[in-house]
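For reference, the structure discussed in these notes is given below.
Read-outs throughout are calculated quantities, based only on the coordinates presented, and are distinct from any laboratory measurement. Source: prediction; values computed, not measured. Cβ placement follows ideal geometry from the backbone for every residue including glycine, while neighbour counts extend to all protein chains displayed.
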Amino acid sequence: MLDTFIKSLPEKVRCSNNPGDEGTKFRSKEEALQYKYVEHNQSYKKYLIIDIDIDKSANNERIGPAFRYEEKGMPVPSIITINPEKGTPHYQYELNTPVIFTPNARKEPQQLYEAVTRALIEALQGDRSYDGHLTKNPLCPYWKVIRHDVSYDLKDFLEYVDIKNSFWKKPITHDILGRNHTLFNNLRFWAYQEVRKHADLENFKLAVEDRAFQINEEFQSYPQGQLGTKEVLQIAKSVSRWTWRNRYDLDRHGNRGVMRLWDKDLALDEKQRLSAERTHKEQTNTTRSALFTSITLLKAQGIPITQKSLEIHSKISLSTIKRYWKEFEPIIYKKMAA
């Protein structure tokens with residue numbers, strides 16, 4: 001059984017003993033298997049992994065979280081990898097047929113995989129923030145490991161969970177400027193976190209579209225009702241493309257912590273110079289973000305985008321818009337794909 005786990009890994013495996021403090025690094029499969037955490041194959045997913053990340057001392061379970069599947073009447077995990085100190089496990093469900101997550105792969109198995117994962121997380125009270133990448137390595141002697149000689153087809157899980165009701169809803173922030181702004185702002189902030197979970201743009205775009213339509217359902221109570229499909233897809237497309245293009249810069253926050261300006265080795269004038277540069281950069285990024293938001297919303301509403309309409313919508317001066325106009329022309333004049 002563990003041979004199957006080993007074979008499922010790529011030749012270069014992201015791994016770590018302490019991801020939070022040490023980060024991660026790609027190593028050969030042989031070397032990576034000596035570490036506590038390894039990343040299971042993201043292109044050919046042979047396992048469905050659930051993080052049962054609740055300390056057994058903080059709940060009233062009869063036999064602890066490692067055996068929660070029994071309490072909940074859920075299928076038996078193929079591998080249970082348990083933290084010996086906390087008792088918290090990862091459940092690893094082996095699939096008879098790996099689900100392929102490459103750009104040209106069929107979308108239906110991918111969507112079923114994601115839906116089953118969400119439903120199992122809900123049913124098992126798993127950690128919703130777990131991104132499905134790093135898992136507790138069952139070959140590492142640090143963990144306690146329980147193995148069951150069992151594997152599944154994705155459809156087998158449908159006997160245990162209802163995937164139609166598996167989408168947990170996160171509360172959205174309603175914007176006083178209306179549905180388009182509400183959708184755009186909630187979607188982009190969600191996407192900034194979600195993009196870390198995806199290895200290619202196509203799968204990320206599908207996830208953003210799914211989330212966009214979930215948010216759109218919240219508008220049923222609005223007097224105008226939900227946005228049209230075309231508007232939703234236009235906003236989702238803009239958000240997914242921009243977020244993907246800028247995904248490596250999203251964790252850079254404009255604060256003193258990023259620049260470490262308290263470093264006593266820096267002279268005061270040097271700190272002030274660096275701070276001024278940083279402030280200018282953040283102001284520039286804020287302007288770009290505001291213009292991008294307005295362009296996206298105007299396109300979604302079918303309003304012609306001119307310098308004047310952009311000035312009215314964004315509340316940014318015409319002179320500033322003219323400075324950035326050439327930068328945004330490719331976005332403004334790019335027609336939505338049919």
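Remarks
- Listed values for the stretch 148-161 are Karplus-derived 3J(HN,Hα) couplings in whole Hz (6.51 cos²θ - 1.76 cosθ + 1.60, θ = phi - 60°), namely 10, 7, 8, 9, 9, 8, 4, 5, 4, 6, 5, 6, 10, 10, and x replaces Gly and Pro.
- Subset of 72/237; 12/86; 12/107; 25/237; 205/308 violating a 28 Å alpha-carbon distance limit: 72/237; 12/86; 25/237; 205/308
- In this structure, the amide hydrogen of residue 178, modeled 1.01 Å from its nitrogen in the peptide plane, lies closer than 5 angstrom to no residue at least 5 positions away or on a different chain.
- For the stretch 2-165, relative contact order (Cα pairs under 8 Å, six or more residues apart, normalised by length) works out to 27 percent.
- The percentage of C-alpha pairs in the stretch 2-165 whose separation is greater than 28 Å is 18%.
- The order of the peptides 180-187, 65-72 by mean Cβ neighbours within 10 Å, most packed first, is 180-187, 65-72.
- Across the stretch 205-217, computed HN-Hα scalar couplings (Karplus, 6.51 cos²θ - 1.76 cosθ + 1.60, θ = phi - 60°) run 4, 5, 5, 5, 4, 4, 5, 4, 6, 4, 5, 4, 5 Hz from first to last residue, x flagging Gly and Pro.
- Karplus-derived HN-Hα couplings along the stretch 42-50 (A = 6.51, B = -1.76, C = 1.60, θ = phi - 60°), whole Hz, x at Gly and Pro: 8, 9, 10, 7, 8, 10, 10, 10, 10
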